[in-house]
Amino acid sequence: MKEIINFFAGRRYSAVNTCEMQVMDSTIGKNHKSLNQNRPSLNRGLSVLDALFHDRKKGKQTRSPTFIFFLLTTGLLLICSGIFVLLFHPYDLIFKWKLLLAEDGEIFQLWERPPVDLFLKVYLFNITNHEDFMSGRAKKLNVEEIGPYVYQELMTHENVTFNSNGTLSTIPNHPLLWRGDLSEGRQEDDIFYLPNIALLAIAHVAAPKNYFFRLPVNIFVRKENIQPVVKMTAKEFMMGYESPLTTLGNTLLPHWIHFDKVGLIDRMYDFNGDFATYYTGENDIRMSGLYDTFHGSPDLPQWKGEHCSNIQGASDGTKFMSFMQENDTLLFFRKSMCRPQRLKRLGKVDPVQGLEAVKFTFEDNALDNGVHNDLNKCFCRDPNKCLTEGLIDVTDCYYGFPIALSYPHFLDADPVLLENVTGSKPNRSLHESYFVLNPLSGLPLKLSAKFQINMAMSDVRNMAHVEKFSHLTIPMLWFEISMMELPKRLEDRFSLYLNILPVVEKVGLYGSLILGLALSIIAVTRVALRASKFVASPYHQKYHHNLVNNSVYNACEEKLSSRNQSVTNENSQRAKNSSDDVDGENDNKMSDDNDDAHCLNIIRRDDQYELENDDALSDIDYNDDGESSNGSLDQTESDERSEQSQKFMEIDLTEAENHGIRDSLVSTVRRLSDGYIEIAQALMGNKRDTLLKIVESDDDES
């Protein structure tokens with residue numbers, strides 16, 4: 001580990017470079033190259049990796065990561081985490097996964113059986129002057145609103161089957177549960193005078209037929225004395241009542257009337273035989289929970305033109321489009337409406353139960369039959385017989401009955417509708433529909449969809465007992481499908497998804513980036529402080545002074561180098577010299593030899609100092625005060641090594657002086673140079689075998 005760290009730190013434990021040693025080996029006999037040029041430089045005293053991994057403990061010869069290393073690593077990891085959050089937005093990924101309608105998924109279970117309090121509120125129009133109107137004493141019908149009669153709608157999606165194209169098939173079911181506690185004292189057995197739906201419907205159907213078709217109907221009506229306004233309970237009018245005409249129609253025309261009771265709410269909530277497919281969000285998460293087809297088709301059969309018939313992407317009120325944009329068009333479709341209804345955005349409102357809310361309402365001129373909006377012309381079945389503005393003909397959705405939808409009390413309708421019937425008082429604050437939705441999830445926070453069911457009579461003057469109702473639009477009831485608040489457990493769940501998790505993501509993003517940068521800056525700052533304190537420390541200054549004073553070739557090294565180059569010339573000249581000059585020459589040689597020994601001793605001591613201090617610097621541990629700790633070699637060991645080196649040199653010099661042989665001195669110098677170079681290489685490269693060989697060779701020569 002120590003070698004790896006020092007490798008990347010640019011440090012070596014060898015006094016000479018390995019690559020340079022190969023060159024030195026080949027040229028050592030020609031000239032003496034200084035070891036100073038391969039001595040450690042200043043940057044080897046301290047590096048970034050030293051500060052990160054130099055955490056030597058007393059008595060240990062290994063390195064371990066420092067606190068700064070863990071500080072820097074933590075900072076970098078936090079920065080990477082922040083960048084990941086910034087690029088990939090994990091909250092969006094998790095939330096999209098949550099919105100997917102997957103089998104046994106959380107949102108699927110909420111969609112399959114919505115745990116919401118969805119209510120149907122019904123307001124009946126009691127006819128208060130039916131006798132005067134029928135006798136001709138009153139020219140207009142007078143109606144009085146009675147209600148509410150409240151039912152809880154237990155919406156479910158039964159027999160769910162997942163398809164391979166990103167949709168699921170299901171049978172919608174909307175059973176109703178009477179809620180007398182919410183009906184403000186109203187009871188289902190309250191009695192009123194209400195329109196006879198069966199007589200008015202059959203009269204409307206038979207009126208345009210030929211005489212022979214109308215005759216038996218008129219005879220039966222007169223014989224049974226069936227009146228257009230009858231006394232009945234609220235439940236009978238809403239959920240169905242028996243009538244001789246219904247029985248007759250069921251017997252004679254089973255393909256037209258397949259039921260034996262007539263009730264507006266009963267027919268409106270008849271889901272027998274219905275089936276639909278919904279998007280799961282697999283292909284587009286924004287569309288999860290919205291209609292794909294109804295009865296196997298994306299278009300309703302009663303309308304022509306995509307604008308009027310297409311219900312793809314419409315909501316049944318359980319869930320609307322997710323991740324809404326400003327220019328998105330939302331659709332709302334219920335079977336009772338018989339058409340898709342477009343919603344317009346009104347803008348943001350105050351949060352509902354702590355959740356972001358946007359308010360929508362039905363688009364302007366939605367029921368104008370093309371008077372103001374040309375796209376709505378497809379709602380007019382017969383261009384020559386379009387209903388009055390504000391009415392939509394939904395005859396095909398109500399078994400051929402002359403049913404027309406409008407807003408409650410003819411809100412936004414042609415004023416002529418109010419002139420024929422008294423008692424209608426449109427009020428926008430009471431009768432306008434609205435949808436308060438969460439734009440991110442499409443979750444409805446509040447909704448109130450309001451429609452009125454009317455009998456839009458044609459010319460029925462040729463039918464018995466109904467002559468007074470020709471070309472009259474009779475208000476019968478209006479209903480409101482509403483949800484006023486989320487259940488507590490659903491509120492808590494979506495508060496977690498929509499309020500808490502986004503904050504957690506933002507905190508994680510900015511917290512990771514800020515904390516990561518702070519930790520990284522602290523770590524880098526501490527490394528810089530350590531480096532500056534090391535440079536300013538007395539030990540480092542002493543080491544630096546030694547490096548500066550020892551140039552690549554100092555005086556002694558230059559002298560030895562020049563002498564080595566002239567060894568051959570001196571040997572040849574010695575043979576030519578006369579015997580008279582031998583003694584003087586020997587004195588000069590002995591003086592030169594003494595100088596060589598002195599220089600060699602200086603070089604050896606200097607190299608020994610460099611080697612020891614390089615090893616000391618590699619192991620030094622700097623504390624906060626910039627002082628060195630116990631990482632260097634201890635003084636006793638250093639002194640012993642120096643004494644051994646000096647003794648070794650003195651033995652060689654004594655041998656040279658005793659014999660007085662110049663060749664022996666030169667040979668000794670060369671051998672010492674080679675030996676110390678190899679020793680340095682062995683010490684710094686941890687070459688144990690090389691050291692043993694050098695020691696053995698020295699023993700043999702001795």
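Of note:
- If R0 is 56 Å, the Cβ-Cβ spacing of residue 499 and residue 459 corresponds to a FRET efficiency of close to 0.40.
- Each residue of segment 263-271 is assigned a 3J(HN,Hα), and the resulting list reads x, 5, 5, 4, 6, 5, 9, 8, 9 Hz, derived from the Karplus form 6.51 cos²θ - 1.76 cosθ + 1.60 (θ = phi - 60°), x at Gly and Pro.
- Note on residue 213 and residue 342: the extension gain reaches 42.3 nm, defined as 0.36 nm multiplied by sequence separation minus the Cα-Cα distance.
- Surface composition of segment 410-505: carbon plus sulfur atoms hold 54% of the accessible area, using a 1.4 angstrom probe and ignoring ligands, DNA and RNA.
- A 1.4 Å probe run over the protein chains yields, for segment 329-403, 42 Å² of accessible area per residue, whole-number rounding.
- Within the accessible area of segment 65-137, the carbon and sulfur atoms contribute 65%, probe 1.4 Å, all protein chains present.
- Between amide H atoms placed 1.01 Å from N, distances below 5 Å from residue 330 occur with 343, all of them 5 or more places distant or on a separate chain.
- Annotation note: trypsin sites (Lys or Arg not before Pro) in segment 377-455 located in DSSP loop regions with a Cβ neighbour count of at most 13 within 10 Å are 385.
- Part-to-part distance (alpha-carbon centres) for segment 410-446 and segment 449-476, which is given in Å: 22
- Karplus-derived 3J(HN,Hα), 6.51/-1.76/1.60, for each residue of segment 393-404, Hz, glycine and proline x: 6, 10, 3, 5, 8, 10, 6, x, 5, x, 8, 10
- Pairs of Lys residues in segment 350-509, spaced 8 or more positions apart or belonging to different chains, with C-alpha separations under 18 angstrom: 5 in total.
- Under Karplus coefficients 6.51, -1.76 and 1.60, residue-wise ³J(HN,Hα) of segment 509-515 in Hz, glycine/proline x: 5, 6, x, 5, 5, 5, 5
- Taking Lys and Arg as +1 and Asp and Glu as -1, the other residues whose beta-carbon sits under 15 Å from that of residue 88 total 0.
- Proximity of backbone amide H atoms, modeled 1.01 Å from N, is registered between residue 360 and 346, 435, 436, 437 at under 5 Å, excluding neighbours fewer than 5 places apart on the same chain.
- Residues whose placed amide H lies under 5 Å from that of residue 407, excluding near-sequence neighbours: 452
- Computed E for residue 132/residue 304 - FRET, C-beta separation, R0 51 angstrom, nearest 0.05: 0.75
- Contour excess over end-to-end distance, with Cα ends at residue 375 and residue 524 and 0.36 nm allotted per residue: 46.8 nm
The values are calculated or read from the model by the stated rules, or taken from the named source; none is laboratory data. If you're wondering where the values come from, they're calculated on a predicted model, not measured in any experiment. Don't worry about glycine lacking a Cβ; one is built from the backbone with ideal geometry, like all the others, and counts go over all protein chains shown. The accessibility values were calculated without ligands, DNA or RNA, using every heavy atom of the protein model including side chains. Shrake-Rupley method; radii C 1.70, N 1.55, O 1.52, S 1.80 Å.
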